[in-house]
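Down below is the structure, laid out as structure tokens.
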Amino acid sequence: MAGHVAARRGYGHTAERAHLTEPRYVRWLLTAVSLVFLSLFLLLPLITVFTEAFAKGWVAYKDAILEPDALSALWLTLVAAAIAVPANLVFGVCAGWAIAKFDFPGKSVLTTLIDLPFAVSPVIAGMVFLLLFGRQGYLGPWLAAHDIKVVFAVPAIVLATVFVSFPFVAREIIPVMAASGTQEEEAARVLGATGLQTFLRVTLPNIKWGLLYGIILCNARAMGEFGAVSVVSGKIRGQTNTLPLHVEVLYGEYMTQAAFAVASLLAFLALITLVVKTIVERRLGAVREDAVVTEVAA
Amino acid sequence: MSILLRAGSPGSHAFTRADFALDSDAVRPRVAPGSPRRAAADLWHDSARMGIEVSHVSKKFGSFVALDNVSFTVQQGELLALLGPSGSGKTTLLRIIAGLERPDSGTVLFDGDDATRRDPRDRGVGFVFQHYALFRHMTVHENVAFGLRVRPRAQRPSDAEIRGRVKELLGLVQLDYLGDRYPSELSGGQRQRVALARALAVQPKVLLLDEPFGALDAKVRQDLRRWLRRLHAEIHLTSVFVTHDQEEALELANRVVVMNDGRIEQDGTPDEVLEHPATPFVVNFIGNVNIFHGRVQDGRAQLGPIAVAYPEHPHAEAREASGYARPHELDITREEDGGGLWAVITDVRAAGAVVKIEAGDEEGRLIQVELGREQYESLRAIVGERIYVKPRRVRVFMDPQEARPTP
């Protein structure tokens, strides 16, 4: 930690310590490589999305976006995210709390399991849901008997979205919670706070920036997910297509401009997410540094 | 190291200023907490004190025995120290009194009522944590106000009352000018005082302090210690503090409970613990001590050339034993007059009112002697000189017998 802060300190004084850093051409080369890489793989695609989207003018763009199927896809994407994010928020806080503040048997198993969606290909996750809830799946006959439709319908899309986006909140708040320990909570208890008061007044303010960061990442993943959702959705236009799926359908039908127009919506959501994320990160960095100073001073 | 890190973080000006405050704290005794008399009188009434009775408490963490059948009482208005090395169970005991841990067995009585299973929030205790545990996202003012703000609506004072009380308490710990600061902007000693004010804000019936001065530097520690003693003299709040520092315990407490390996070794006044230690552990743990090995038989202890009466063992069977004498309980003579231990002086430290002399006996074992300055002036012993060491007083304890399998 000391190293991290010390490095930050050195950042503003590169010129004064020129003799300590790499030669000029090495620095120049490193910067150039990363810039070229960034423009080639990140900036260029982004520009392409927007140029293609507006290739046939503003009216065509508006038509592509306001087309009923596109709107329905947008709606479904928002619904899936609106369910997945709060669900993972609750789960993430519970799991984070349990892992950071208690010792219990199976703790390491839980820690590993949380990362499972990172490790497993989303397509496989989708297949698992098919196997569980599909017509030929384990629960299929029971679901059919009770007239509940999961696969190729909204429930499966939500399930798949929850699955792929679930590690983000927990991952972000576990280190924050572990770093803050349990002493402040104990102090609150002794001072007469109830469990809820302790959580709202002590725990939550300490983790809020980490929590927000987790929510942003979780939301980005939930909206952008393709693989798992693609397997379970059945791709029924206007019913079970999310935005990413709708883009693929349009592109498959050679409606390039429309595809890019819809894609630009997703790109927009991503850009907004990035901006918010940067702001939160800055706050989070400041909070963590405070914690470092507190620790060191203590 | 800490200065480098603070300077390194952006926007650290506030911290630097706080550091100045700490420095002046250490230099000027004025800022170090002064008399708490005025504010304290308004905050406490004699009825608001509590006696604590801990009886037969045991606690295990996994296979580690933290407390083994511990019993003791804290009288109303007492300032009691739990003294012991780390791992002796003293902090666990404090946390059990606060309700932050549940004992495996045994009971904790508050004024005669069983409080063993009572929730910490209903115990009326104030707890000061070793690392302060201040709420870092709240200002000093809000930290102190916390205990009042979380009360059920019916018992909660009005905002104006809360503000007034917090001001009073911050005045008591002489930090009223820091109410708007955040904990990260305070020095260690200031944080400790905020933690104290926060604990006192809820008018606890007992104050529990876990290594309260452990993380502070020597000068600040001295000031805070003096201040805490005065505060206690003013309000007589029943207080228990945990420490591994024997000097702190002896200087501050009315009564000292010495702990080791989850058990109580001795429970007595500082004077009793120092002058009449109950076990070899207590002699060893509290203060420097010289150990002389030997045996006891027929009511006498023979420790090398030193012979003393030992009526506790009148039997003919000889037992291994050790004698303990503190450095100031030893005399040095030039002539052998019987019962003295032969030694050669290896070091003399003549600074201050007490002259510290180190000597080695014939087997090279270190003997520490402390003489008053006058005594030393008349003796004038020098390094390399051969002298005789004679204890004025020896405490003899039989060595624990090794457990032999019974045939």
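Quick notes on this structure:
- Single condition A:TRP97 does not satisfy, out of (1) part of a helix (DSSP H, G or I); (2) open to solvent by less than 50 Å² (accessible area, probe 1.4 Å): (2)
- Selection within region B:73-105 - open to solvent by 30 Å² or more (accessible area, probe 1.4 Å), touching a residue at least 24 places away in the same chain (Cβ under 8 Å) and part of a strand (DSSP E or B): B:SER105
- Residue check, B:GLN174 crowded, with 17+ Cβ neighbours inside 10 Å and either at the interface with chain A (Cβ under 10 Å from one of its Cβ atoms) or polar (S, T, N, Q) (or both): yes
- Residues satisfying the stated conditions in region A:153-196, i.e. over 24 Å from the mean Cα position of the chain (by Cα) and either of a type in the set (Lys, Arg) or under 27 Å from A:ASN241 (Cβ atoms) (or both): A:ARG189
- So A:ALA267, is it over 30 Å from A:TYR213 (Cβ atoms) and part of a helix (DSSP H, G or I): no
- Taken as a whole, the structure places B:LEU109 among residues that are open to solvent by less than 60 Å² (accessible area, probe 1.4 Å), touching a residue at least 40 places away in the same chain (Cβ under 8 Å), within 26 Å of B:GLY51 (Cα to Cα) and of a type outside the set (S, T, N, Q).
- Options A:LEU40, A:LEU71, A:LEU76; residue that is in contact (Cβ under 8 Å) with a residue 12 or more places away in the chain, assigned to a helix (DSSP H, G or I) and on the phi < 0 side of the Ramachandran plot: A:LEU76
- Residue within region A:170-179 that is at pLDDT 90 or above, part of a helix (DSSP H, G or I), within 14 Å of chain B (Cβ to nearest Cβ) and farther than 19 Å from A:PRO86 by Cβ present: no
Quick grid of which residues meet (1) within 14 Å of chain B (Cβ to nearest Cβ); (2) modelled with pLDDT under 90:
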| site | (1), (2) |
| --- | --- |
| A:VAL5 | yes, yes |
| A:TYR25 | no, yes |
| A:TRP28 | no, no |
| A:SER34 | no, no |
| A:LEU42 | no, yes |
| A:ALA53 | no, yes |
| A:ALA64 | no, yes |
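- Selection status of B:LEU274, over 16 Å from the mean Cα position of the chain (by Cα) and either hydrophobic (A, V, I, L, M, F, W, C) or modelled with pLDDT under 90 (or both): no
- Filtering region B:347-387 to residues that are more than 20 Å from B:GLU329 (Cβ to Cβ) and assigned to a loop (DSSP other than H, G, I, E, B) leaves B:ALA351, B:GLU362, B:GLU363, B:GLY364, B:ARG380, B:ILE382, B:VAL383, B:GLY384, B:GLU385.
- Test: residue in region A:181-204 that is outside any helix (DSSP H, G or I) and away from every other protein chain (no Cβ under 14 Å): no
- Residue within region A:241-264 that is within 14 Å of chain B (Cβ to nearest Cβ) and part of a helix (DSSP H, G or I) present: no
- Matching residues, region B:144-154, being assigned to a helix (DSSP H, G or I) and open to solvent by 50 Å² or more (accessible area, probe 1.4 Å): B:ARG149, B:ARG153, B:ALA154
- Top-ranked residue of region B:121-143 - restricted to ones that are β-branched (Val, Ile, Thr) and more than 10 Å from chain A (Cβ to nearest Cβ), ranked as most open to solvent (accessible area, probe 1.4 Å): B:THR139
- Unique residue being in contact with a Leu (Cβ under 9 Å, 6 or more places away or on another chain) and open to solvent by 80 Å² or more (accessible area, probe 1.4 Å) when the list is B:ARG300, B:ARG334, B:ARG349, B:ARG365: B:ARG334
- Taking strands (runs of 3 or more DSSP E) as the structural unit, those lying wholly within region B:184-262 and holding at least 1 residues that are within 14 Å of chain A (Cβ to nearest Cβ), open to solvent by less than 10 Å² (accessible area, probe 1.4 Å) and closer than 29 Å to B:ARG149 by Cα correspond to B:206-210, B:238-243.
- Answer from A:ALA70, A:ALA80, A:ALA84 - the residue that is closer than 21 Å to A:LEU243 by Cα, at pLDDT below 90 and surrounded by 15 or more Cβ atoms within 10 Å (Cβ to Cβ): A:ALA70
- Index of the failed condition, B:ASN290 passing every other in (1) under 14 Å from the mean Cα position of the chain (by Cα); (2) under 25 Å from B:LYS356 (Cβ atoms): (1)
- Residues (in contact with a Phe, Trp or Tyr (Cβ under 8 Å, 6 or more places away or on another chain), acidic (Asp, Glu) and more than 22 Å from B:PHE292 (Cβ to Cβ)) located in region B:344-380: none
The values are calculated or read from the model by the stated rules, or taken from the named source; none is laboratory data. Just so it is clear, the model here is predicted, and its values are computed rather than measured. Positions of Cβ are generated from backbone atoms using ideal geometry, with glycine treated the same way; all protein chains shown enter the neighbour counts. For accessibility, only protein heavy atoms count, side chains too; no ligands or nucleic acids. Shrake-Rupley method; radii C 1.70, N 1.55, O 1.52, S 1.80 Å.
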